[in-house]
Amino acid sequence: MNDDEKDKIVEKEESVSDLEQSEVEKQPLDESKANNDEKSENLPEGHSEDNKIQESKKEHQVIHKKEGRLHIYVRQDKYKGELKSKNWVGRIYIDGKQKISSSGTPNLEEAIPILEKWFEDIHAQKEKEKNSANLESPSVPAQPTSEQTEKIPTAESTKQTEIKQSGNISMSSKNDDVSEKKSLSNILEKFKSIKFGKSKLGKKETSFGGLGLKKKNKYAQNIQKFFKAKLGRASVASEEIVGVELTPNEIRLAQVSVNKSNQWILEKFYIHPVDLPSDSSVLDNAEKLGNELSIAMQKSQITTSNAAIAIPVTSAIIRVVTSPLMTDEELKKAIETNSLWENLVQLTDNLNDYSIFHQVINRNDKENTMDILFVASKLGDINSFTSIIKNGGLSPVIIDVKCFALKSAVDQINQISRSSEDSNLTALLEFGLDENYVMILYDNNPIITDIFLRGQDRQTLKDSNNLEEMEALVRRYITQVKQAVSDFETKYEKRIRNLKVVSNLPNVQEYLGKFRKHMQNTGFKLFDPVNDLKVPQQFEKSLNITNRSYLSTVIGLAFRKLDVFGYYKFVTAVKNINLLPNRANMVAQKKAKAFSNFAFKGIVGSVVGIYIILFALSFWKINQFNNALTEYESVVFQHEKVSKNKNQVLAELKIINKSLTLSNSMQSNKKISYRVLAQIASSVPKGVRFQEIEFKGVELAVINGDADSDQSILKLVSNLNKRKLIKHAAISSMKIKSKNKTGAPRRKGFRVSVKLGRKS
């Protein structure tokens, strides 16, 4: 972490008290020098005494500017024995509160003008706020700004903040643990400043007009939310998704639907074997897998192009982080500035190198905090997976993580079978050659623990029948599973009675029997994702196998929906994961399509309704007045005419849009006047044939053709040189063509270069 990145964390931290800073400022130079001499004993050899004293003086030096109101110094906050930052920072006191800003440079000469400019901007902003406050009505109290409401964090607030992370967390020393907690609390306190701005129609507003407007806005929001939910549910129900699972051995495709009896049907299913080199990964054979996917789609007869895929758990970063309670708008602003993830997640690489998905899974109003599910993956890996899907002729619309796809399959099958299992607690174990982990989901909070397997263990799983080796593997494996389950039960005081197992091992039942002997209080049940699904007869043979759990991922992906209106986020967060980098554009397009379909249905319904009304009125008028028949026929005629005109307009509009699309897709750098072509065409003598005219830019054209004699070619060149828009024409090459089988006389091929442009 460089100094600039450290300053982003340190810059607004207010954990350093006024007393500590005052002691630093008031420290005599001699005293600071003495302290530095004590510290210098630990410095390595090679440092001169003068350099030690100079560095120490710089660290403790305080520069006073702007009549003593601006203090410039180097902060003394340390991490692991070193200063967090060596950059100069400025501090001012305004309205009895301190404000700190970093200059971003350790050079004092460069830092002074930067911090003086910051000082002037702060006071200018303060003066502007005072002027605007004087202009406000006295009946409405001025709302405090975010700058005025900044607070120094207390010990009480720091106790309420923690970051939850999935997986095993190695325990370090007590000092590191304390420093980490302080850092996290400072980070969370830093974000609380986002929340302080309040509207003038806040809770304390008592005017009748304000209350009326508030009720009106709330009523409008409820109506909007109702129609959005209805439209979202309709959109989710109508979207067709094909689940695609890519493995080194095979490509799996699945598509599910609901029939009129509200039964889930495995509508399409296909497994396409792939012959890849041993010990190779999917991404290592992207081009071949793309071609094989195209073949698989043709054989499966799947018509939809919307594909949902899942990346391995090892390619994803999954965490649940705790932040101060924020509105959706405040959360959006914090994310747009990259400040939220930089401080709460602290990834090793640049944020721009990741595709990130987040979802608020819990809001705690009592503690003023909220839990956010954070899922990220390297853009390079995501783009590699999407390129395979695109090469296979599909459009990637959902990129899930394998563990969450399994969760989707489990939840859906439990719902179909009307299982009595606790939907709030799901425990999964993936056991196989590719990935091994325990995932426990409690209150939508995923807790994932990786299970370590040695290379020798994987070989044992693959082809060994040695009972001793198998038993040793089971002991090492089950010890890690026990630890993961025990950690969860201790923390949440919830008992895990059963683990749903997903595996790609053909002899998995043999291993499960051994697991049960070592963990007698916990059940191991092989998960069947096809259970309670209505399977068509043509798929029964391919699904008649003992271990169908390896199909869980593709079935879970097939249950996914696009959910462009955010319908699923009100159900559960983990069923809404999408790491597609350009999902915002994709969602916008799908929304526009959904709105257009909704509008079309509305128009059709309106037309039908109008037609029925007109028919009823006409029928009533026929019974009452026989002469109204003429008027009725006129109305029907006008209606048909309008409908016809409408269809014609729509057809013409479609043609225009298609033409615009084609014109926008055309790319050309050739700006050739038709007059040039006309002059070239008029220069062709008898016996000359053109095969090709190639324009190279705007100044050169090349003519390829043949002629019956040299004189005809020379005549062509002469005619071209006489034209006004041709500067110069010359023969580039000539050749005699081979004799035809018919015995016709051979013609001479030629290539003429024509330089374009008006003659002077």
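All of the numbers you see were taken from the coordinates with simple rules; none came from a lab. Since the structure is predicted, the reported quantities are computational estimates derived from the model, not experimental observations. We place every Cβ from the backbone using ideal geometry, glycine too, and count neighbours over all the protein chains shown.
For this structure, a couple of remarks:
- Near the amide H of Phe524, within less than 5 Å, lie the amide hydrogens of Leu499, all on another chain or at least 5 residues away, with H placed in the peptide plane.
- Distances between placed amide hydrogens fall under 5 Å for Asn362 paired with Asp371, all partners being 5 or more residues away or on another chain.
- The HN-Hα couplings worked out from phi for segment 452-460 by the Karplus form 6.51 cos²θ - 1.76 cosθ + 1.60 (θ = phi - 60°) are 7, 10, 6, x, 5, 5, 5, 5, 5 Hz, whole numbers, x standing for Gly and Pro.
- Cross-link pairs exceeding 18 Å in C-alpha to C-alpha distance, out of Lys390/Lys658; Lys727/Lys748; Lys402/Lys561; Lys117/Lys333, comprise Lys390/Lys658; Lys727/Lys748; Lys117/Lys333.
- Calculated FRET value between Glu493 and Leu526, using beta carbons and R₀ = 25 Å, to 0.05: 0.35
- The fewest-to-most ranking of Lys407, Lys658, Lys534 by surrounding Cβ atoms within 10 Å reads Lys658, Lys534, Lys407.
- Value of relative contact order over segment 239-581, rounded to a whole percent, pairs C-alpha under 8 Å and six or more apart: 24
- Of the GluC sites (Glu not before Pro) found in segment 465-558, those that fall in a DSSP loop while having at most 14 other beta-carbon atoms within 10 Å are Glu493.
- Between Lys641 and Asp443, the contour length at 0.36 nm per residue exceeds the Cα-Cα span by 65.4 nm.
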